[in-house]
1. How much length is gained if the chain between Asn71 and Asp107 is pulled fully straight, taking 0.36 nm per residue apart and subtracting their Cα-Cα distance, in nm to one decimal?
2. How would Asp105, Asp155 line up from fewest to most surrounding beta-carbon atoms within 10 angstrom?
3. In the neighborhood of Ala244, defined by Cβ-to-Cβ distances under 13 Å, what is the net charge if each Lys or Arg adds +1 and each Asp or Glu adds -1?
4. When ranked by the protection proxy of mean other Cβ atoms within 10 Å per residue, highest first, what sequence do the peptides 49-57, 229-237 form?
5. Under the 0.36 nm per residue contour assumption, what length would be gained going from the current alpha-carbon distance of Arg292 and Glu100 to full extension?
6. Order 289-297, 88-96, 144-152 from most to least packed using the mean count of other Cβ atoms within 10 Å.
7. Mind giving me the FRET efficiency for Thr271 and Asp169? R0 is 35 Å, r the Cβ-Cβ distance, nearest 0.05 is fine.
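All of the numbers you see were taken from the coordinates with simple rules; none came from a lab. From a predicted model like this one, the values you see are computed outputs, not experimental measurements. Cβ atoms come from the backbone with ideal geometry, glycine included; neighbour counts cover every protein chain shown.
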Amino acid sequence: MNEGKGKKCLRELAVAVPAVLLAVIAGLIVVDVVGRPDRAMPRASAVGPEMIVIAPRTMTYRADGDFQKNNYPVDAPLTTRKLQRAFEIMKYQVSTSDYERCVADGDCQSAEALPHNHDASDAEGPIVGVSYDDAQNYADWLSRKTGEIWHLPTDEQWAFAAGSRFPDDALGIEDDAAANPAIRWLRDYEKQSARKLDRSPTRRPAGAFGINELGVADIAGNVWEWTQTCHRRVNIDAYGKQVAEVPSCGVYVVNGKHRAAMSSFIRNPKTGGCSVGVPPDNLGFRLVRDNRWYAVVWKRIQNIGA
């Protein structure tokens, strides 16, 4: 008798729990539709920012992070990734004028004005002098304005969007020479010297660095872009297999002509960060739009416990 009652209770619970979850989700959808704040969009986004769809494909590129083998720094290994699902990314970096609208609303802090990038006459040029925290604040603001979900790209998404412009930072030192610090130092010195000669920190107009084969503008130009990927230190064994990983969230990967790692509050790459060698010329960003049908509801669920 008790066993029968127990089974009945389990059946009722199995029905009740999904029903409650559906009710919660339905309520969140209603709140999302009815309770959205001002839907006015930035001027450049009257019909939405110009977006590029990055289609699924396979790509081989250098993994992110600082790698060590037998306690010696080595080049990050090549990794082959398959993009399972298309995503949308802004064609252009977020402009000064669009960022200033967030500032005017009180949701973003003014960008740091640097001598080589301050040009008030070019409001449509990329915003620079902004930190990871600033970029996150802008993404949150744009999400509220549009009722959509916007976020920084992951390092992987940025790589797929960069395509042939994605940099390979390898020094090209073979394993038998990696244990010799002098060889690695010399090779790194040569690469850093070439980067110094290639520096051009003055901010350029949108589109000045051209469009890649995927339709993305100014990628790997002189504005390094924040990603949401945490910097990490990785140890690999003699066979290249990962044996340990230490992520450092609070320090994030920024991508441009080369990879770098910057603390989340850094606006001027010359003043700090965790990158070694020549710092990025400028720090800016572009965003990904999450067009999954459940993205808004999922974001609200995540924010419940935040």
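1. Answer, rounded to one decimal: 8.5 nm.
2. If I rank by nearby Cβ atoms, fewest first, I get Asp105, Asp155.
3. Numbers: positive: Lys69, Arg232, Arg233, Lys241; negative: Asp66, Asp237, Glu245.
Taking every other residue near Ala244 into account, the sum is +1.
4. Descending packing order for the listed peptides: 229-237, 49-57.
5. Fully extending the segment from Arg292 to Glu100 adds 66.3 nm.
6. Peptide ranking by packing, descending: 88-96, 144-152, 289-297.
7. Working from the Cβ atoms, E equals 0.95.
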